[in-house]
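Trainee: Pasting a structure here, questions to come.
What follows draws every value from the coordinates through simple rules; no lab data is involved. Owing to the predicted nature of the structure, the values given are computational and were not obtained by experimental measurement. Note that we place each Cβ from the backbone using ideal geometry, even for glycine, and neighbour counts take in every protein chain shown.
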Amino acid sequence: MEGDVGFLIIDDSLSKKDKSTKKIEGLDSHHSHSDEKTMWSHCVVTSHYKISEYSLPLECKLYLRKQFFGSKAKKNFKNKQGLAMQLIDEFIPVTEITYLLVDAWYTLGKLMLHTLNRGYHTIGRIKSNRVVYLSGIKTSAKKFSTFISKGKASPVTVGDETYHVYIYEGKINDIENAVIMLCWSKSDLSDNPTFILSTDVSLTTSEILLYYQNRWDIEVSF
């Protein structure tokens, strides 16, 4: 598939169990964002590969809390970002260009730099409290968004959706140079914006949004 763009997608997912289930190793209480509460479950960090119309789950790694390993925790414990880096290291692309697609939990500097060292760029959401530098002044992405007036955001249509987007390129706390997109659904910017980061500053606004839409595949695959 020479010349195609491939997408490595990483996320974590819960395999929920009844509270009466006690004897399966690795079960613990994990927060479920979809249920908005703590669930008795296994937590697995998963990878998915998307190329053109082909979309397939790849691998999963069981997340276990540090106390599970006891005296061997220092050697064996890995947090979710560490497990994600293992999945990245084990991944073998079949395209010339690969992007890592992640949600806000995985857009940490250590993981993105690790991904860059493997030859892939990252596109992912960031949290509203993420630090950015506006003309050299340290502030949060959310506070930054309050300075953006209606006339400064440009409409961008991807598929059937139109977003109103302001682009910032520059330093964030853990990456020297990246693109951050502030995206509103409403033209008057009255709704809460979504913040999307790309370490590939050469992409157009439409390309970043179009590529990031592929992340949804992992939400429904597991």
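Trainee: Can you tell me the length gained on complete extension of the stretch residue 52 to residue 176, counting 0.36 nm per residue apart and subtracting the Cα distance?
Mentor: Gain on stretching residue 52 to residue 176: 41.5 nm.
Trainee: Could you pull out every one of the lysines with an alpha carbon less than 21 Å from that of residue 186, ignoring same-chain neighbours closer than 8 positions?
Mentor: Filter leaves 127, 142, 143, 150, 152.
Trainee: Please work out the FRET efficiency for the pair residue 134 and residue 160, using the Cβ-Cβ distance as r and a Förster radius of 35 Å; give the result to the nearest 0.05.
Mentor: 0.60
Trainee: What residue among 163, 131, 178 has its Cα farthest toward the positive end of the dipole of segment 5-221, where the charges are +1 on Lys, Arg and -1 on Asp, Glu, each on the Cβ?
Mentor: 131
Trainee: Please give the charge dipole size of segment 74-222, origin at the Cα centre, charges +1 on K and R Cβ atoms and -1 on D and E Cβ atoms. Round to the nearest 20 debye.
Mentor: It works out to roughly 860 debye.
Trainee: In which sequence would 103, 160, 188, 174 go, from the one with the fewest C-beta neighbours within 10 Å to the one with the most?
Mentor: Ascending number of Cβ neighbours within 10 Å: 160, 188, 174, 103.
Trainee: With N set to the residue count of segment 5-221, report its C-alpha Rg divided by 2.2 N^0.38 Å to two decimal places.
Mentor: The reported ratio for this selection is 1.10.
Trainee: If each of residue 185 and residue 92 carries a label point 7 Å out from its Cα toward its Cβ, how far apart are those two points in nm?
Mentor: Roughly 4.2 nm, to one decimal.
Trainee: Let me ask something else. With Kirkwood's inverse mean 1/r over C-alpha pairs for Rh, give me the Rg to Rh ratio of segment 67-181, two decimals please.
Mentor: A ratio of 1.06.
Trainee: I've got another one for you. Restricting to lysine pairs 8 or more places apart or on different chains, what number in segment 42-112 have Cα atoms under 23 Å apart?
Mentor: Qualifying lysine pairs in segment 42-112: 18.
Trainee: Below 14 angstrom from the Cβ of residue 116, what's the summed charge of the other residues (Lys, Arg +1; Asp, Glu -1)?
Mentor: The answer is -2.
Trainee: What whole number of Å gives the distance from the Cα centroid of segment 137-153 to the Cα centroid of segment 12-72?
Mentor: Taking the Cα centre of each part, segment 12-72 and segment 137-153 sit 36 Å apart.
Trainee: So which DSSP H runs in the chain come out at 24 Å plus along the axis (Cα) with average Kyte-Doolittle of at least 1.0?
Mentor: TM-like helix candidates: nothing returned.
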